[in-house]
Structures are given as structure tokens and as C-alpha cells.
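Worksheet: the structure to be examined is printed underneath.
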Amino acid sequence: MENHTIDTSQDLGQLQLDLLKKRKSPVAFSEQEVTKDQLEQIFEAARWAASCFNEQPWRFVVAIKDQGDHYKKVLNGINPHNQNWAQNAPILMLTFAKKTFDMNGKSNMHSWHDVGLAVGNMSAQATAMGLHLHQMAGIVRENILNDFDIPEDYDIVSGIALGYKLDIEDVPEELKPRETKERTRKPFNEFIFDQDWGESSF
Ligand SMILES: Cc1cc2nc3c(=O)[nH]c(=O)nc-3n(C[C@H](O)[C@H](O)[C@H](O)COP(=O)(O)O)c2cc1C
């Protein structure tokens, strides 16, 4: 691989943007193992996310594919539509948000937001490591509550599949349309307002 010499913050800024744009949510995962060290690097990125009052309200249940029953339990918490492709991911996770602040027991209305920040860090870190995350709102809360002993004070937020994405020539035909679909984004002027609401010079 070509070595980059980073000598200005502008270089780093552009590299970071390139990386963020490379992040995507694949539906076709390779069987290639994700090591415990790699997983820990990804969680280290989560650990350093900002959070309201530094409460770090994120929690994760993680399963590695060769763990058998535990992986099956996590998979059972994911809805069948997502299971179709997620069952090939070497790592599955469920995310949770602590509903109240540790410091005073009051409701923490920012806890889901903070889980999102942690997962955002994780997905950027994964991309830098050649890995990809696919987050899922499509989970089965009832199964998760039945299969795991989740304390009252936690909301179930999402599922995550993590692994290496398959090279496009190896993607099964039925998944190819999704895997090759163009990724689009709203233009700046739809979400950045620098005058009145809805008015933008961006
Ligand atoms: C909170 C959240 C929930 C999502 N839920 C699902 C889901 O249940 N199933 C799915 O296939 N993709 C899900 N996605 C992935 C999005 O569809 C995907 O991020 C979006 O289409 C943009 O594509 P990209 O991530 O490849 O840029 C979810 C993403 C997020 C952040």
C-alpha cells in the first residue's frame, strides 16, 4: 500500500472525508474473521465518543459467529428481513441506552443520541480498518427481552452487523442490486440554514 505523508491538517481533513464517504452499510459480508484485537480497537473508538455529562450511556451485547449459541441468541433479536443477510456477518451486536443519569437518577433524554455518537465513532474506525458496520432498527425487542436479562433502566436501541464486505464479484445475485445501489445524500441547502428556517446560502 502507498504510504501517505501527512504534513498538513488539510491533508488529514481530506483523508478523513474520503474515509467517511467510503463508509457504507453492506448486506454481503465475507466469512473473514474479525479478531478480538480489531473488535477492541473499534470499541476503543466508541469509548472516546462525547456524551451528555460524560455519562457514556451506551452498552453493547456482542457475539462472535463461532460462539454458536450466543450468536444465535443475538441473531434471534434481529428481524427476519435483516437476518437474511446479517446471519453471514462474523460479528453481531445489540445496542442499548441507559435511560437515567448515573449522577442523579434523572431521565437522560440524550442517551439514544449518545449511543449514536458511539456507533458513529465505531463505524468510522471500522472503515479505517477495512471493516464495515451495518446498523439495524429492524430488531425484535420481545425476543431480546426474553433471551437476555436486560435491566429495567435500559432501552434497546439497535442491532449491528460487523465484518469485511464481500468483493462485488462474490456477492450473491439476489443481493447485488442492494449492494450496488447508488448511495445518495441531501444537498447542503436542505439541512443547513444560515438565515431563516429553510433558507440557505450553502
Ligand atoms: C439507526 C439506523 C437503523 C437502520 N436500520 C436498518 C435496518 O433495519 N435494515 C437495513 O437494511 N438497514 C438499516 N440501516 C441502514 C441504512 O438503511 C443506511 O445507513 C442508509 O440507507 C444509508 O446507506 P449507507 O449507510 O450505505 O450510507 C439503518 C441505519 C441506521 C443508522
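Return the only residue of L92, L145, L166, L131 being out of contact with any strand residue (DSSP E or B) (no Cβ under 7 Å at 6 or more places or on another chain) and not aromatic (F, W, Y).
The unique qualifying residue is L145.
Looking only at region 17-59, which residues are without any contact (Cβ under 8 Å) to a residue 40 or more places away in the chain, open to solvent by less than 100 Å² (accessible area, probe 1.4 Å) and within 16 Å of the ligand (Cβ to nearest atom)?
L17, D18
How many residues are surrounded by 12 or more Cβ atoms within 10 Å (Cβ to Cβ) and free of Cβ contacts under 8 Å to residues at least 24 places away in the same chain if we restrict to region 158-173?
Within region 158-173, residues that are surrounded by 12 or more Cβ atoms within 10 Å (Cβ to Cβ) and free of Cβ contacts under 8 Å to residues at least 24 places away in the same chain number 0.
Condition first: in contact with a Lys or Arg (Cβ under 8 Å, 6 or more places away or on another chain) and at pLDDT 95 or above. Can you find one or more residues in region 35-46 that meet it?
no
With respect to Q10, determine if the residue is under 15 Å from the mean Cα position of the chain (by Cα), open to solvent by 60 Å² or more (accessible area, probe 1.4 Å) and more than 16 Å from the ligand (Cβ to nearest atom).
Taking the combined requirement at face value, the residue does not satisfy it.
How many residues are open to solvent by less than 90 Å² (accessible area, probe 1.4 Å), of a type outside the set (S, T, N, Q) and free of Cβ contacts under 8 Å to residues at least 60 places away in the same chain when one looks only at region 177-198?
Of the residues in region 177-198, 6 are open to solvent by less than 90 Å² (accessible area, probe 1.4 Å), of a type outside the set (S, T, N, Q) and free of Cβ contacts under 8 Å to residues at least 60 places away in the same chain.
Cβ-Cβ distance below 6 Å, separation of 6 or more or different chains: which pairs start in region 73-89 with a residue that is under 24 Å from D149 (Cα atoms) and end on one that is β-branched (V, I, T) and assigned to a helix (DSSP H, G or I)?
G77/I144
Do any helices (runs of 4 or more DSSP H) entirely within region 108-202 hold 3 or more residues that are within 12 Å of the ligand (Cβ to nearest atom) and more than 20 Å from A28 (Cβ to Cβ), and if so, which?
In region 108-202, 111-128 are the helices (runs of 4 or more DSSP H) which contain 3 or more residues that are within 12 Å of the ligand (Cβ to nearest atom) and more than 20 Å from A28 (Cβ to Cβ).
The values are calculated or read from the model by the stated rules, or taken from the named source; none is laboratory data. The structure displayed is predicted, hence computed values, not measured ones. Because the Cβ atoms are built from the backbone with ideal geometry, glycine has one as well, and the counts that use them run over all protein chains shown. Side chains are part of the model used for accessible areas, which takes the heavy atoms of the whole protein and leaves out ligands, DNA and RNA. Shrake-Rupley method; radii C 1.70, N 1.55, O 1.52, S 1.80 Å.
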